[in-house]
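Q: I have a structure I would like to understand better, so I am pasting it below and will then ask my questions one at a time.
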């Protein structure tokens, strides 16, 4: 069990290391791109929200409000593959952050949540090298 987790983590990290990160300035031209979801190394799983409004509320409000919103999200494991469907710039204005963040609408293509759609922070999106690979998925 621990070996499988280590193996998956190493595979995901190598995938991320070989792939360029999504550029903020050009996120609108990434529509249809295959991506990997991964947050930071401390907590690599990604919260996927059912609406962009709830994602924004979670990122900008207090702990109490954020806790009430959690039933509207699911936790995608690090390394989950997805297709970037939408990208919106400067949508989330963090309560204590200096600059607004981008968000992305995604559709999972593998794992437990395959086929589900949702919204994530653009910082959790990592673009795979070949943009045309999404055309091979249903």
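Every number here is computed from the coordinates shown, using simple stated rules; none is lab data. This one's a predicted model, so the numbers in the text were calculated from it and none came from an experiment.
Q: Send over the Kirkwood Rh of the stretch 72-121, from the inverse of the averaged 1/r over different Cα pairs, rounded to one decimal Å.
A: Final number for the Kirkwood radius of the stretch 72-121 is 11.9 Å.
Q: Could you let me know the centre-to-centre spacing of the stretch 56-81 and the stretch 32-51, using Cα atoms, in angstrom?
A: 11
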